[in-house]
Amino acid sequence: MIRIIQQGTYLINKKELLEASDSRVTSANYDRKQARQNTIAAKILASHNTSEDQNNLKIRFDALASHDITYVGIIQTARASGLTEFPLPYALTNCHNSLCAVGGTINEDDHVFGLSAAQKYGGIYVPAHLAVIHQYVREMMTGCGKMILGSDSHTRYGALGTMGVGEGGPELVKQLLDKTYDIPNPEIIAVYLEGEPQPGVGPQDVALALIGAVFKNGFVKNKVLEFVGPGIANLSVDYRNGIDVMTTETTCLSSIWQTDDKIKQYFELHGRPEAYSKLEPGDVAYYDGAVVIDLAKVEPMIALPFHPSNVYTIAELNANPYDILRKVEQEAQEQIENPNLKFNLTNKIVNGRLRVDQAIIAGCAGGSFENIVEAAAIVDKQSLGNSDLVLSVYPSSQPIYLELIKNGVAAQLMGAGAVLRTAFCGPCFGAGDVPANGSLSIRHSTRNFPNREGSKPGEGQLSSVALMDARSIAATALNGGILTPATELAYARPDLTYNFDHSIYESRVYNGFGRPQKDKELRFGPNITDWPKMIPLQEHLILKMATVITDPVTTTDELIPSGETSSFRSNPLKLAEFTLGRKDPQYVSRAKAVQALEQERQQLIAGEKDLTAISAELKSLCEQIINKAKLPMTVEDLLKNSGIGTTIYATKPGDGSAREQAASCQKVLGGWANIVQEYATKRYRSNLINWGMLPFTFAGSADTFTVDSIVCVPNLKQKLIAKEQKISALVIDKGETKEIELELAALTDDETEIILQGSLINYYSSAK
């Protein structure tokens, strides 16, 4: 089904893969450097690079996109940094905080702010329920050879010839201020598709098979996936989009596909024929590795809790449910912080088959036209029954919904007992269709991380999600919730003809790009607040370890929970109250206690307190550091030259969402650093830097730290300025002192200055 080539590989005449170790490959007949420039990705990156250094790129994007969890913070940050108008098309969509279930008016207040910002700065505003972010961008903003940056991790438009990158909000701020996205030139991996999927196998099946093959080994981490090969011609555009959007879960940086007449027809259908151009690799193209997928051998898949890479074929699970589900239970139990909660899936086995409790097809991955039409064909003229199982379907845009009404598919679904909803991303992150306690939901959506579906283990709630394709979800719902692959059903293949109606967007979307109304007043709701003041980095750093997380991977959902907390993302102080709430509920109180010490220190510097008035705790902390570190200075000298804050230890944090709040909430609570074995994604590390936090790595054991360990990093500021990467530090724990070495991987000049200034906001404010 899938074969990985872990060495350089040539694609010859767009058809044949030739590994670099093949005897036919010689320096005389294959110029690796030139062949690398013949990839689609290399050409697009080069055309967007503003740097003369081809090894370190400075990218300017063609367009930006954000949704209503992130755009308020981005615009607030940009305003504080000198924003006057949007210099490139910027779409503000409203598909995450679309339901006003939490906090009264605050969600709709954000939407009103977003419209006023689009008017003032010249942006694009897509009202709530009209489209999910990525479907709107696919339909209205993509173009072959373009690059689009989005503040959502699933910013992927490669199937449409557009390299999409999902990053934290500060990276969008840089683009709004005419700055660049700075990255080392990434490696490029060929994803070679051959064959044709069998009926009943959908794009999620292919995507989950790919994720299962490459996530755990890190094969494509921070690399670009380039889809090539004869199998692409056998896939519709919707099918390609469905695979492409899930590439985020491989931890790749971006993706791109070769384009053909089907993509040309897509742009013509959407009224943008000029957006098409043929993209394909050169006659000899070099890749840093390859993944070969035989589409004909892909089977219906399921990703069990708690990760999209926890993949099995449905046939495999049905043949051996007890052993597989017990293994999943054991692995999942280790991730559940409440020891009183027992995670159970084997209790859902009925007559030797897994029975699920809920079924959902939604969002940028599941809510496409073809997914829904195929699901409707499976349940047509039959009944889903009146048990506790409900099938909910969320078309990803109103144009798709309208076509489903016109062609009768909506009636097919409703007649079978399915529930149709509007375009909304809630099921993907716990803001809609939260399953009952103890339930298992199957979803064609993007993620199934712990508690991402909305349950709260701290309050005794525990449910979970398994990812599947819409076709097998429909088959399972039709079978009363008994896990069923769509390949077991004989159903008439439906007519997939689609007609796009422009009038919906023309009637409702505000497009003010290039026409800013600079006198327009922004409309602020009471929950929309400015970022608190952030101080520059001091010469020395005194850190208290606020939490120690030893899980193999920590997701951004665990760092800052999704779901109802999303409503507070326009208020940094309120949102920070939820930091690590489901992972370590004591983190916030610990961080605030340390933050109080830093506030005392600042009062001393400002002359509001003298040394005799500082607390015994602060004085004791300083004396302990001076004595243990043998520092030749007084308590007053130490306080005047040291920042006091918190850090966290985690094995591999930052998998999943691009949400900057995973870092900014730590910063708001006085965080100064992360100490980790490695970072799960480039975007989380970037988020830390942009909020003025030090992205340390540490090769030693997690046992080096405990909660409340003191980590003293003397002379850090001068070491940072000198670009030193090996940073000596001292750990003081229960009276014992250990010398350790932290590592600070190479930072750009701008990244160094951002940390020195204390945040991206400070960095740009100082330049005004």
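The values are calculated or read from the model by the stated rules, or taken from the named source; none is laboratory data. Given the structure is predicted, the values throughout are model-derived calculations rather than measurements. All Cβ positions, glycine included, derive from the backbone under ideal geometry; neighbour counts span all protein chains shown.
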ask   = Inside region 240-257, can you point out the residues that are touching a helix residue (DSSP H, G or I) at 6+ places or on another chain (Cβ under 6 Å) and not acidic (Asp, Glu)?
value = Arg240, Asn241, Gly242, Ile243, Val245, Met246, Thr250, Ser255, Ile256, Trp257
query = Any idea how many residues of region 449-459 are crowded, with 24+ Cβ neighbours inside 10 Å and in contact (Cβ under 8 Å) with a residue 40 or more places away in the chain?
reply = 4
request  = Scan region 20-36 and give yes if some residue there is in a helix (DSSP H, G or I) and out of contact with any strand residue (DSSP E or B) (no Cβ under 9 Å at 6 or more places or on another chain), otherwise no.
outcome  = no
request  = Give the number of residues within region 511-530 that are modelled with pLDDT of 95 or more and touching a Pro at 6+ places or on another chain (Cβ under 8 Å).
outcome  = 1
inquiry  = Name the residue that is nearest to Leu496 (Cα to Cα), counting only residues in region 223-252 that are β-branched (Val, Ile, Thr) and in contact with a Ser or Thr (Cβ under 8 Å, 6 or more places away or on another chain).
reply    = Val245
Flag for Asn318 being surrounded by 17 or more Cβ atoms within 10 Å (Cβ to Cβ) and either closer than 26 Å to Val245 by Cα or among the charged types (D, E, K, R) (or both) = no
task = Please work out which residue is farthest from Ala658 (Cα to Cα), limiting yourself to region 402-446 and to residues that are surrounded by fewer than 22 Cβ atoms within 10 Å (Cβ to Cβ) and of a type in the set (Lys, Arg).
result = Lys406
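Taking the stated definitions as given, is Leu744 within 31 Å of the chain's Cα centre (by Cα) and touching a residue at least 60 places away in the same chain (Cβ under 8 Å)?
no
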Single condition Asp750 does not satisfy, out of (1) closer than 23 Å to Leu638 by Cβ; (2) in a helix (DSSP H, G or I) = (1)
inquiry  = Take residues that are surrounded by 17 or more Cβ atoms within 10 Å (Cβ to Cβ), on the phi < 0 side of the Ramachandran plot and out of contact with any Phe, Trp or Tyr (no Cβ under 9 Å at 6 or more places or on another chain) and tell me which of the strands (runs of 3 or more DSSP E) falling wholly in region 616-729 contain 2 or more.
reply    = 642-650, 710-713
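Can you say whether Ala576 is in contact (Cβ under 8 Å) with a residue 60 or more places away in the chain and within 30 Å of Lys456 (Cβ to Cβ), as far as the supplied structure shows?
yes
Every residue, every condition in (1) modelled with pLDDT under 90; (2) within 37 Å of the chain's Cα centre (by Cα), yes or no:
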| site | (1), (2) |
| --- | --- |
| Thr579 | no, yes |
| Lys583 | yes, yes |
| Ala591 | no, yes |
| Val594 | no, yes |
| Lys619 | yes, no |
| Leu631 | yes, no |
| Asp637 | yes, no |
request  = Have a look at Gly8, Gly82 and point out the one that is within 30 Å of Ile528 (Cα to Cα), among the small types (Gly, Ala, Ser) and more than 24 Å from the chain's Cα centre (by Cα).
outcome  = Gly82
ask   = Hey, among Thr9, Thr93, Thr50, which residue is within 30 Å of Tyr286 (Cβ to Cβ), among the hydroxyl-bearing types (Ser, Thr, Tyr) and crowded, with 23+ Cβ neighbours inside 10 Å?
value = Thr9
message = Just to be sure before I move on: is Thr565 farther than 21 Å from Pro339 by Cβ and either β-branched (Val, Ile, Thr) or crowded, with 22+ Cβ neighbours inside 10 Å (or both) in the structure I sent?
response = yes
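Restricting to region 378-388, count the residues that are under 20 Å from Pro300 (Cβ atoms) and either basic (Lys, Arg) or buried (at least 21 other Cβ atoms within 10 Å of the Cβ) (or both). Steps first, answer last, please.
Going residue by residue through region 378-388, those that are under 20 Å from Pro300 (Cβ atoms) are 378-380, 382, 384.
Filter again for either basic (Lys, Arg) or buried (at least 21 other Cβ atoms within 10 Å of the Cβ) (or both), leaving 378-379, 384.
Of the residues in that region, 3 qualify.
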